[in-house]
1. Suppose we keep only residues that are assigned to a loop (DSSP other than H, G, I, E, B) and touching a residue at least 24 places away in the same chain (Cβ under 8 Å) within the stretch 92-101. Which one would you say is farthest from GLN271 (Cα to Cα)?
2. When residues of the stretch 102-142 are filtered for being farther than 14 Å from LEU257 by Cα, crowded, with 19+ Cβ neighbours inside 10 Å and either among the basic types (Lys, Arg) or free of Cβ contacts under 8 Å to residues at least 40 places away in the same chain (or both), how many remain?
3. Quick one: count up the residues across the stretch 353-382 that are outside any strand (DSSP E or B) and in contact with a Ser or Thr (Cβ under 9 Å, 6 or more places away or on another chain).
4. Let me spell it out: the conditions are (1) out of contact with any Ser or Thr (no Cβ under 6 Å at 6 or more places or on another chain); (2) part of a helix (DSSP H, G or I), and ASP268 meets all of them except one. Which number is the exception?
5. Checking VAL42 against (1) closer than 20 Å to ASN106 by Cα; (2) crowded, with 18+ Cβ neighbours inside 10 Å, which test does it fail?
6. Does GLU232 fit the bill of being of a type in the set (D, E, K, R), in the same structural domain as GLY94 (by TED's automatic domain parsing) and within 19 Å of GLY374 (Cβ to Cβ)?
7. Using the structure shown, decide if PRO184 is in a loop (DSSP other than H, G, I, E, B), at pLDDT 95 or above and buried (at least 24 other Cβ atoms within 10 Å of the Cβ).
8. Considering the stretch 1-29 alone, what residues qualify as being hydrophobic (A, V, I, L, M, F, W, C), modelled with pLDDT under 80 and either surrounded by 10 or more Cβ atoms within 10 Å (Cβ to Cβ) or touching a Leu at 6+ places or on another chain (Cβ under 9 Å) (or both)?
Amino acid sequence: MSKTVIPEEQYLTRRVLSMQESQTMRISNLANKMKAEGRDIVSLSAGEPDFPTPAHVNQAGIDAINAGFTRYTANSGIADLKKAIVEKFRRDNGLEFQENQIIVSNGGKQTLANTFLALCEEGDEVIVPAPYWVSFPEMVRLAGGIPVIIHTTLEEEYKMTPAQLDAAITPKTKIVVLNSPSNPTGAVYTEAEVRALMKVVEGRGIFVVSDEMYDMIVYGDVRPFSPARIPEMKEWVIVSNGVSKTYAMTGWRIGYLAGPKWLIDACDKIQSQTTSNPNAIAQKAAVAALTGDQGIVEERRAEFEKRRDYMYEALNSIPGFKTALPQGAFYIFPDISGLLGQTFDGVVMKDSADVAEYLLKVHHVATVPGDAFGAPENLRMSYAASIASLEEAINRIRRAFK
């Protein structure tokens, strides 16, 4: 009896078929597979801190379990966590929100997916500056929207200009995405730059989704500025954040969103029919993270800054690599166009995917190709690793492209 072959593409939706697999997860999974096979892999691909979750945060989770706090919570998050988020926005970002303007979700990805699903009709355009976080265009497509990509350059420090933004706006523009500090470039928009961009969209019925996940990981005198601080834009800005990066809580899956109450209510409705409430135990841990001693945040930020400085100097000393100095997050995004077209160990470097695959398979260094971020002549490298690991990675990269 022959087995029936189902023509998958005939039945899958256009939205799903238009989406791409997350390249960051694909490379991380391949690196982990090679590690499991006994290969000595230095991974610069993961988008998570190498530090452990702070002990007092872990203890809060343990206490929640022991207290039996393991049942459903309010769909949009528990009251004491919303209160802590409101205070965090006031303390760290100069933003004023009410608790009914906050929703807690299963990580920052869900807060953003909820937002696009709530706002995007079929064919609505969403402006996304590139290099972009890999999930932005795919989430927009899943919601039925059309991502409109604005390409930025190393010379512009990978920042979108007001002129570029103005030129990209059409009658179909519904949302502009702003990610500062940026994944993957580490770029941070100054207050003046944010205000100039907001002048372009003000009064035009366009929403701004501001992803501020790395707001506490910035360097030198740099301070991120949220567009939600501009009074004229307050009702048009949706702020996404979470505890994953600041508190090394990636696996706890707690993100949160702030914005106009009507939009938060819509996201609450979507969440009620998809995942329901975020993890109860993780919510209690997030309260401890946001309200506890913040000294550990500064300690870890300072360590990231040392690593950033090392990677910036080291990469710029390798022929074929050019990089801007990241102002935030824990990624560096070198331009490797000087390597393309060359052959190393018999392998022709046609694009960043070739470079990343060569580094991983031959020299056992995991990076992420820039194609995934809309920048095919770049590589993303995470310096969320020890200095010793970074030094070993740099030594291998030098040997790879000697």
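The values are calculated or read from the model by the stated rules, or taken from the named source; none is laboratory data. Keep in mind that this is a model prediction, so the values were computed, not measured. Counting neighbours? That spans all protein chains shown, and the Cβs are built from the backbone with ideal geometry, glycine included.
1. The residue in question is GLY94.
2. Residues in the stretch 102-142 being farther than 14 Å from LEU257 by Cα, crowded, with 19+ Cβ neighbours inside 10 Å and either among the basic types (Lys, Arg) or free of Cβ contacts under 8 Å to residues at least 40 places away in the same chain (or both): 3 in total.
3. Final tally of qualifying residues: 12.
4. (1)
5. Just one mismatch for VAL42, condition (1).
6. For GLU232, the condition - of a type in the set (D, E, K, R), in the same structural domain as GLY94 (by TED's automatic domain parsing) and within 19 Å of GLY374 (Cβ to Cβ) - is not met.
7. yes
8. MET19, MET25, ILE27
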